[in-house]
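Structure first, then comments.
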Amino acid sequence: MVKVLVSFGAYAYGSNVQYRLNVTIGTNEESVHFRTSFADTLAYLMDKYGLNVKINGYGYEAEVPENVALAVWYLQHIQRLPQLKELDKIVEAGTTRLHTFLEEAGFPAKPDPGVHVPKLFESAVYSVGITNFPTIKLSNNEEGITVKFREGEVNTGFIRKLLKEEASEAEVEMLKGVSLLKEKTQRKYIRMLSLGELSMEKLASAMFRSAVSSKDEYQSKGVVKWLENNGYKDQTSEIVVKKTLCN
């Protein structure tokens with residue numbers, strides 16, 4: 001059994017006051033401390049699985065099985081309120097979506113509520129940021145690549161291939177192009193790329209539309225350069241004409 005302690009806390013930044021719960025998960029080896037705003041979610045886990053629940057001033061404590069402590073631990077790594085059925089699945093399976101993603105990407109991490117998991121994982125040239133999980137940030141500073149996607153939307157096998165530097169030149173070039181698109185569009189096209197459904201022609205067409213409609217001159221210049229480098233000079237000329245007429 002693992003002890004979980006929860007206490008109320010308020011934090012002010014100028015005139016902005018935030019209310020959080022301080023959570024401590026005590027294990028035999030160490031204690032993990034974090035803050036969360038998921039009060040109802042914690043209450044659900046404690047009410048359903050907690051034993052020896054005690055009220056302590058402005059908080060409470062309970063003893064829970066290790067898998068329940070893992071579900072509590074998971075709350076510190078996600079930015080969106082999880083569905084209760086996802087938490088029940090963690091309790092049943094003894095792992096989380098985060099651990100599954102990291103393992104499939106080549107960064108195996110033991111599902112242990114007493115272990116701190118870093119926010120950034122790095123290979124030789126790529127890095128994977130999980131600060132805003134389930135949104136994941138993939139970067140390659142040498143190539144100027146930064147893309148964001150959500151766990152479950154992208155074939156993780158492709159991410160692992162990138163991290164192991166086994167992706168083809170065409171795939172890396174398309175990834176560069178995807179990184180020049182707006183975030184919502186990035187998610188669509190990196191999914192297609194990861195599933196082998198994206199071609200240079202499809203991507204070039206999407207990038208042309210993006211550059212024509214974008215008010216971000218820096219982004220438009222990046223798209224034009226990518227199109228030029230990949231043999232789409234007709235599209236770049238048309239972009240220049242359309243942008244000039246619009247201005």
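The values are calculated or read from the model by the stated rules, or taken from the named source; none is laboratory data. Quantities reported herein were computed from a predicted structural model and do not represent experimental measurements. Note that each Cβ is placed from the backbone with ideal geometry, even for glycine, and that neighbours are counted across all protein chains shown.
Is there a residue being within 15 Å of the chain's Cα centre (by Cα) and modelled with pLDDT of 95 or more anywhere in the range 191-203?
Yes, the range 191-203 has at least one match.
If you take the residues of the range 75-85 that are closer than 17 Å to G152 by Cα and surrounded by fewer than 16 Cβ atoms within 10 Å (Cβ to Cβ), which of them is nearest to the chain's Cα centre (by Cα)?
Ranking the qualifying residues of the range 75-85, first place goes to Q79.
Looking at the range 204-228, which of its residues are more than 27 Å from the chain's Cα centre (by Cα) and under 22 Å from S139 (Cβ atoms)?
Within the range 204-228, K221, K225 qualify.
When both residues are 6+ apart or on different chains and their Cβ atoms are under 7 Å apart, which pairs have a first residue that lies in the range 211-228 and is β-branched (V, I, T), and a second that is part of a helix (DSSP H, G or I) and surrounded by 16 or more Cβ atoms within 10 Å (Cβ to Cβ)?
Within 7 Å, the pairs are V212/I239; V223/M207; V223/S210; V223/A211; V224/A211; V224/T236; V224/I239.
Of the residues V223, V147, which is hydrophobic (A, V, I, L, M, F, W, C) and modelled with pLDDT of 95 or more?
None of the other options fit; the residue is V147.
Give just the number: which of (1) touching a His at 6+ places or on another chain (Cβ under 9 Å); (2) free of Cβ contacts under 8 Å to residues at least 12 places away in the same chain does P111 not satisfy?
Unmet condition: (2).
Does E66 qualify as being outside the structural domain of L162 (by TED's automatic domain parsing), of a type in the set (D, E), in contact (Cβ under 8 Å) with a residue 24 or more places away in the chain and over 14 Å from I25 (Cβ atoms)?
no
Check V53, V6 and return the single one that is surrounded by 13 or more Cβ atoms within 10 Å (Cβ to Cβ) and either without any contact (Cβ under 8 Å) to a residue 12 or more places away in the chain or not assigned by TED's automatic domain parsing to the domain that holds H99 (or both).
Step by step, each of V53, V6 is checked, and only V53 is surrounded by 13 or more Cβ atoms within 10 Å (Cβ to Cβ) and either without any contact (Cβ under 8 Å) to a residue 12 or more places away in the chain or not assigned by TED's automatic domain parsing to the domain that holds H99 (or both).
Quick one: which residue in E169, E173, E165 is under 16 Å from E143 (Cα atoms) and either surrounded by 15 or more Cβ atoms within 10 Å (Cβ to Cβ) or among the polar types (S, T, N, Q) (or both)?
One residue alone meets the criteria, E173.
Is there a residue in the range 174-190 that is more than 30 Å from E103 (Cβ to Cβ) and out of contact with any Lys or Arg (no Cβ under 7 Å at 6 or more places or on another chain)?
The answer is yes; a qualifying residue exists.
Can you list the helices (runs of 4 or more DSSP H) lying wholly within the range 128-247 that have 2 or more residues being aromatic (F, W, Y) and assigned by TED's automatic domain parsing to the domain that holds F34?
none
Return yes when V72 is assigned by TED's automatic domain parsing to the domain that holds A10, modelled with pLDDT under 90, surrounded by 15 or more Cβ atoms within 10 Å (Cβ to Cβ) and within 18 Å of F133 (Cβ to Cβ) and no when it is not.
No; evaluated as a whole, the condition is false for this residue.
Just one of (1) exposed (fewer than 15 other Cβ atoms within 10 Å of the Cβ); (2) at pLDDT below 95; (3) of a type outside the set (D, E) trips up F107, so point out which.
(1)
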